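Quick notes on the structure that follows.
The values are calculated or read from the model by the stated rules, or taken from the named source; none is laboratory data. Note that this is a predicted model, so its numbers are computed, not measured. Here Cβ is always computed from backbone atoms with ideal geometry, including for glycine, and neighbour counts include all displayed protein chains. Only protein heavy atoms, including side chains, enter the accessible area calculation; ligands, DNA and RNA are left aside. Shrake-Rupley method; radii C 1.70, N 1.55, O 1.52, S 1.80 Å.
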Amino acid sequence: MSSRGYFGRFGGFYVPEILVTALNELEAGYERLRKDEEFKAQLNALLSTYAGRPTPLYECHRLTDVGGGARIFLKREDLAHTGSHKINNALGQALLAKHMGKGRVIAETGAGQHGVAAATACALLDLDCEVYMGEVDVHRQRLNCFRMELLGAKVNVVKSGSRTLKDAINEAMRDYASTSDHTHYLIGSVVGPHPYPVIVRDFQAVIGREAREQILAATGRLPDALVACVGGGSNSIGLFHPFVDDESVAMYGIEAGGNGIGSGKHSASVVAGTEGVLHGSRTLVLQDLDGQIAETHSVAAGLDYPAVGPEHAHLGKSGRVKYFAVTDAEALSAFRLLSETEGIIPALESAHALHFALALAKELGENRTVVINLSGRGDKDVAQVAEMEGVR
C-alpha cells in the first residue's frame with residue numbers, strides 16, 4: 001500500500017480541497033498515536049475492561065451436526081459491548097479524537113450498530129455526538145435510534161436519495177467539510193478516503209488476531225476457511241487481515257444478494273460492481289453506464305450500500321478473497337437455523353455469512369474447520385423479521 005492509501009489500483013484520496021487539510025491532519029495524528037505507548041495502553045484497557053475483549057471463539061456442535069461436514073466455529077463479536085464488532089473501531093477513533101483535541105464527533109449508520117457504538121464511546125469519553133441515519137433505516141431500526149438518543153447522541157434523519165447508508169454518509173461528509181476544525185468524522189467501515197480504510201482496518205484487526213490464537217488453541221492448526229459478511233467491509237477485513245499471508249487459509253466475503261443478482265435489487269458490489277469513485281475512494285461500485293450510483297437493496301440495513309472498501313476490491317480482484325452473494329431469503333433461513341440449533345440469534349448481516357458457511361462446511365467435509373465472524377447480535381432485527389412474517 002502506498003503512503004496515500006492505495007491497495008493495488010484501489011483506494012486513494014478523492015476529496016474536495018476543503019477536506020484535504022483535515023484528512024492530512026487525521027493521517028498525521030493517527031500515525032503518531034498508533035505508535036504511542038500511552039494511547040495503545042488506554043485503548044487496550046478500554047477494549048478489555050469495557051468492551052469485553054477477547055470475545056469467545058465458540059464451536060457450534062449442533063449446527064455442525066445439522067449442516068454436516070466441517071467443524072463450524074463462531075467468532076462471537078455479538079458478545080462485545082453494544083452487541084457488535086463496531087465498538088472496536090468506535091472506541092479507537094473516539095480516543096483518537098480526544099487526543100487530537102476534537103470535542104465533537106459525527107458518525108453515519110445503517111443498521112444502527114455503528115451509531116450505537118459511536119454514541120457509547122462518546123458518552124464514555126465525554127464527547128458530543130451526532131449520528132446521520134437514512135429514513136428507511138430509521139424505520140427498520142427504531143430500537144437502535146432510541147438507544148443512540150438514550151446515550152446522549154443526536155440522531156439526524158436523512159430524507160434525501162435512497163434514504164439509506166449511502167445518503168447518511170453523504171450528509172456526514174458535508175457536515176465534516178464545514179466543521180472539521182473541531183469535529184472528528186468517526187467512519188464506521190473501511191470506506192471513504194485515505195486514511196479511513198487503514199484506520200478502521202487496524203482497529204478491527206483485533207478480531208482476526210484473537211481468532212488466530214483461539215483456533216490454534218482449540219484445534220492445533222489454522223482454520224481451513226474464514227467467512228464473513230461484507231457491506232462496506234469492516235468486520236470481514238478485521239477477521240481476514242491477520243490471515244492474508246497464510247495461503248492455506250481460504251477466505252470468503254459474503255455480500256447481500258437481495259432479491260437475486262439478476263433482479264438488480266441487491267448490494268453485491270464486488271460480485272456485480274464496476275470500478276468507480278464513491279465517498280472519496282476508488283473502489284468497486286454499483287453504478288450505471290453513466291456512472292450514476294444504483295439503488296441498492298438488502299434485508300440487512302448494514303449491508304445496504306452500493307460500494308465496498310478499497311482493500312476488499314483489491315483482495316477480490318487479486319483472487320486472495322472469494323466473494324459471493326446470498327439472498328434475503330437465504331439469510332432469513334440461516335437467521336432462524338442458528339437461533340433454533342444454538343440458541344444464538346444472529347444479526348441479519350451475519351446471517352448472510354452463516355448461510356454460505358453451511359454450504360461450504362458440507363463441501364469441505366469432516367476434519368476441516370470453518371470460522372465465521374458473527375459480527376453482531378440479532379436483537380435489532382427481531383421486530384423487522386416479525387413484521388415481514390406478519391407476526392403481531
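For the chain, what is the charge dipole size about the Cα centre, in debye to the nearest 20, if Lys and Arg each add +1 at the Cβ and Asp and Glu each add -1 at the Cβ? Working shown, then result.
Details: 38 positive and 47 negative charges, 70 e Å.
That gives a dipole near 340 debye.
Remark: segment 1-147 projects, on average over all directions, an area of 12.6 nm² (convex hull of Cα atoms).
Helix 348-364 and the longest principal axis of the Cα set of the chain meet at an angle near 40°. Average accessible surface for segment 156-223: 33 Å² per residue, computed with a 1.4 Å probe over protein heavy atoms with every protein chain in place.
Entry for segment 193-349 at q = 0.11, 0.12 Å⁻¹: log10 I(q)/I(0) = -0.45, -0.53, Debye formula applied to identical alpha-carbon scatterers, no solvent contribution.
Checking the table Lys265/Lys380; Lys40/Lys98; Lys35/Lys98; Lys86/Lys362; Lys86/Lys166 against a 20 Å threshold on Cα-Cα, which pairs fail? Each step should come with its number before you reach the end.
Working: Lys265/Lys380 23 Å; Lys40/Lys98 14 Å; Lys35/Lys98 16 Å; Lys86/Lys362 30 Å; Lys86/Lys166 18 Å.
Cα-Cα > 20 Å for Lys265/Lys380; Lys86/Lys362; rest within.
Just to confirm, what accessible area per residue do you get for segment 241-321 at 1.4 Å probe, in whole Å²? Walk me through the numbers before you get to the answer.
Working: 3020 Å² over 81 residues.
Ligands and nucleic acids excluded, the result is 37 Å² per residue.
By the beta carbon rule, with partners counted only under 4.7 Å, the chain holds these lone Cys residues: Cys60, Cys145, Cys229. Working note: Karplus 6.51/-1.76/1.60 with θ = phi - 60° gives segment 92-109 the couplings x, 6, 5, 5, 4, 4, 4, 5, 8, x, 8, x, 10, 10, 10, 8, 10, 8 Hz, where Gly and Pro are set to x.
If the only charges are +1 at each Lys and Arg Cβ and -1 at each Asp and Glu Cβ, what is the size of the charge dipole of segment 268-345 around the Cα centre, to the nearest 20 debye?
Working: 5 positive and 10 negative charges, 75 e Å.
Dipole of segment 268-345, to the nearest 20 debye: 360 debye.
Of the residues Phe39, Gly258, Ile237, the one whose Cα sits farthest toward the positive end of the charge dipole of the chain, with +1 on the Cβ of Lys and Arg and -1 on the Cβ of Asp and Glu, is Phe39. Helix 113-125 and the longest principal axis of the C-alpha atoms of the chain enclose an angle of approximately 50°. With q set to 0.07, 0.11, 0.12 Å⁻¹, the log10 of I(q)/I(0) for the chain, from the Debye formula over equal scatterers at the Cα positions, is -0.27, -0.70, -0.85.
For Ala70, the residues whose amide H sits under 5 Å from its own are Lys362, Leu364, Gly365, ignoring neighbours fewer than 5 places away on the same chain, with H placed 1.01 Å from N. Taking amide H atoms as placed 1.01 Å from N in the peptide plane, the amide H of Gly376 lies under 5 Å from those of Asp78, Ala347, Ser350, each 5 or more residues away in sequence or on another chain. Taking only protein heavy atoms and a 1.4 Å probe, the accessible area of the chain is 51% carbon and sulfur. In this structure, the amide hydrogen of Tyr132, modeled 1.01 Å from its nitrogen in the peptide plane, lies closer than 5 angstrom to those of Ala107, Glu108, Thr109, Asn156, counting only residues at least 5 positions away or on a different chain.
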